[in-house]
Amino acid sequence: MSEQKIEAYIQRWGGGISHGGNERANLQMFITELCTLLDLPQPDPAGSKRSDNTYVFERSVTELFADGGKTTRSLDLYRRGCFILEGKDTGKQTGSDGWDAAIDKARKQAENYARALPADEGRPPFVIVADVGKSFALYSEFSRSGGNYVAFPDARSHKIPLEKLRDPDTRELLRKVWLEPLSLDPTRYAGKVTRAIADRLATLAKSLEDSGHGAEQVAGFLMRCLFTMFAEDVGLLPDRGFTALLEARKNNPATFHRQLESLWRTMNSGGFSESLDAEILKFNGGLFANATAIALNTEQIELLIQAAKADWRYVEPAIFGTLLERALNPRERHKLGAHYTPRAYVERLVLPTIIEPLRAEWAEVQAAALTYRQQRKTKEAVAEIRKFHHQLCQTRVLDPACGSGNFLYVTLEHMKRLEGEVLEKLGSLVKSGSFELEGLTVDPHQFLGMEINPRAAKIAEMVLWIGYLQWHFRTYGKVNPPEPVLRDFHNIEHRDALIAYDAVELVTDESGKPLTRWDGLTKKISPITGEEIPDESAQVEQYRYINPRKAEWPQADYIVGNPPFIGGWKMRSALGDGYVEAVWSLYPDIPQKADFVMYWWEIAAEKVRKGEARRFGFITTNSITQVFQRRILERHLADKSAPLSLAFAIPDHPWVDASDGAQVRIAMTVGKA
């Protein structure tokens, strides 16, 4: 592709200046000439049968309305499985209020058109807004499930001025949007990186356990190692500093653990690190408060070197927690290659529970700010947006059975994307410094969790920090976050979500011998059926709970998650008599045959009805429509003084159990007052 042709295209279309002519005619010529320039296929002639029009201008769709009405709309350009392009010839200064409003309106139009497409065609992963002769704006929705299209790759860099066509990377980006849009989904590459890292960590974890180190000691050590690798790759530590230390000590490992402990003590406090011969930021946050390292041999250091060679910038937090929990858990390690819960499934619940209400508020704020701007009341417009940003940075989300944190991370990511849009809008109105450096940003303190598994709770906290720091660098480039880099917010609590108690007491028989039960986890293969059955040789002691009482949940605006799947009839064998009897005594309104997850549903529904939370969304078993579960729903839905309503419900949906990778069927419900 010659530079002359690129320059000729840019100049022909006015060097970025609107023609202000016939928008439709100019748009089609603008796009066909772009296709020629980028060696892309030209749109096809439109036929009379809609379903045959897979790549055409003026593709028609039928938009349905809530009142039963409908109307025919035309998509400016449609390429099935790739994008909807909505064209404008704004005639406005790029970045001005009027221009921003026109582009945002076009994006919303295209979103509505995407939802109007026939279900069998699916929704395209991209929306493109083209301002003829000026720019392209890219928005993505890779789950293709009807969610909001968000700025791609982020709010800082999704707008492509026509002049950027001089850049080969920009031209290749547009070609991929046309030809291979799903290859741009960052989670696809990140998923491969994350799996490879987890495999290496699992091998090292097993090697350390085989050397006589306890599983919890190994898990803590490797979590500090992997965060150190991440910090190196994102620039929080000197480039290749940790990797070079590993390589230098590989063949002389005797004192490596002492150097590593010295590094981690410095990361905890900040200052000069003799191990890396450099000044180190203060990390703190609790992760490095325990700087104990394990002495490694040459082969084990080599396994760390292989893990360090991965590009930790692209680890995918939405699945990393699950894979890391499997890698560090001797009982779960064999399941490392099993399926994990797809991110799109998590988003299907997070979006209607949390993100859609927040985006609805943001749309109202934008409209109010635009009205102020049109009245030349810039100060009031800025105040309106700042107020929303402040509220966003104080919005608290609780997952009361958070596991390794995937629901919380996915929520954080979507809220960071929304924050990026808010800051972009503020930046167009006022010249301001970094709001994060002023201490105001969406960060992990807003994402609360309760988890009974101590290792999973620690992993969830680290997953949130890795995800948060990834978004910091995407938003602010190479600017380091304020110190301390990590903060111990105590936002992930290791405790039971249903009951609190003063103590547990061992249950014994008349002779004083402890009573035991199946551990609820260990299974074996039946010699008769060949299926998995409880391994009765795996016994744990039974306990009674002293002074049990309902657990208090932290205050949150939204509650979301995937509580444990245990059928009512399995609760005693899985959880033990003492625990189950304590739960039953505290929650008498819940039928004893109801599934375990319904206790979470009950608590969240009460909080929403009392105004203590705005919405909740849970994954439940798909038996939620059956009699014992339905009694709980009906009591809340039919309450005359403060009824609950379902804002979103899917009675039967595929799911992947995070604990073992099993394919199951579940239900999703979102409740609001």
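For the cross-link pairs Lys159/Lys377; Lys159/Lys192; Lys607/Lys640, the ones whose C-alpha atoms lie over 19 Å apart are Lys159/Lys377; Lys159/Lys192. Multiplying the residue separation of Gln217 and Asp52 by 0.36 nm and removing their Cα-Cα distance gives an extension gain of 53.3 nm.
Considering all different alpha carbon pairs of the stretch 55-164, the Kirkwood hydrodynamic radius works out to 14.3 Å. Taking loop as defined by DSSP and a crowding limit of 12 other beta carbons within 10 Å, which trypsin sites (Lys or Arg not before Pro) in the stretch 287-329 fit? Listed in order of number, the matching sites amount to none. Model label sites at Lys593 and Glu163, defined 7 Å from Cα along the beta-carbon direction, differ in position by 7.3 nm. To the nearest ten degrees, helix 577-586 and the longest principal axis of the Cα atoms of the chain are 60 degrees apart. Normalised size of the stretch 342-385, defined as Cα radius of gyration per 2.2 N^0.38 Å with N residues, equals 1.63.
Near Gly611: Cβ cut-off under 13 Å, other residues only, Lys/Arg at +1 and Asp/Glu at -1. The net charge is +3. The long axis of helix 317-328 is offset from the longest Cα principal axis of the chain by roughly 30 degrees. Taking Lys and Arg as +1 and Asp and Glu as -1, the other residues whose beta-carbon sits under 10 Å from that of Cys402 total -4.
The residues of the chain expose on average 44 square angstrom of accessible surface per residue, using a 1.4 Å probe on protein heavy atoms. For the peptides 165-176, 448-459, 561-572, the ranking by packing is 448-459, 561-572, 165-176, with the highest mean count of neighbouring Cβ atoms within 10 Å listed first.
Restriction of the trypsin sites (Lys or Arg not before Pro) in the stretch 181-283 to DSSP coil positions whose beta-carbon has at most 15 other beta-carbons within 10 angstrom yields Arg240. Here the accessible area of the chain is 49 percent carbon and sulfur, with a 1.4 angstrom probe and all protein chains present.
Over the C-alpha atoms of the stretch 63-123, the Rg to Rh ratio, Rh being the Kirkwood estimate, stands at 1.04.
Its convex hull of Cα atoms gives the stretch 557-609 a direction-averaged projected area, equal to a quarter of the hull surface, of 3.8 nm². Per-residue ellipticity at 222 nm from helix content only, as computed over the chain with -39500 (n - 2.57) for each DSSP H run of at least four residues, stands at -13500 deg cm²/dmol. Note on the chain: antiparallel DSSP beta bridges, both residues inside, total approximately 75 percent of the bridges counted. Quick check: the distance between the Cα centres of the stretch 559-604 and the stretch 112-129, to the nearest angstrom? With the stretch 559-604 and the stretch 112-129 each reduced to a Cα centre, they are spaced 41 Å.
Exceedance of the 21 Å cut-off in Cα-Cα distance is limited, within the set Lys5/Lys164; Lys250/Lys458; Lys88/Lys164; Lys70/Lys108, to Lys250/Lys458. For the stretch 41-143, trypsin sites (Lys or Arg not before Pro) meeting the loop criterion (DSSP other than H, G, I, E, B) and having at most 10 other Cβ atoms within 10 Å: Lys49. Each Lys or Arg adds one and each Asp or Glu takes one away; over the other residues whose Cβ falls under 13 Å from the Cβ of Gln109, this sums to +1. Using only Cα atoms and rounding to the nearest 10 degrees, what angle (0 to 90) does helix 356-374 make with the longest principal axis of the chain? In the chain, helix 356-374 runs at an angle near 40 degrees to the longest axis. Eigen-decomposition of the gyration tensor built on the alpha-carbon atoms of the stretch 197-252 gives equivalent ellipsoid semi-axes of 22, 14, 9 angstrom, largest listed first.
The values are calculated or read from the model by the stated rules, or taken from the named source; none is laboratory data. Since we're looking at a predicted model, the values are computed, not measured. Note that we place each Cβ from the backbone using ideal geometry, even for glycine, and neighbour counts take in every protein chain shown. Ligands, DNA and RNA are excluded from the accessible area calculation, which covers all protein heavy atoms including side chains. Shrake-Rupley method; radii C 1.70, N 1.55, O 1.52, S 1.80 Å.
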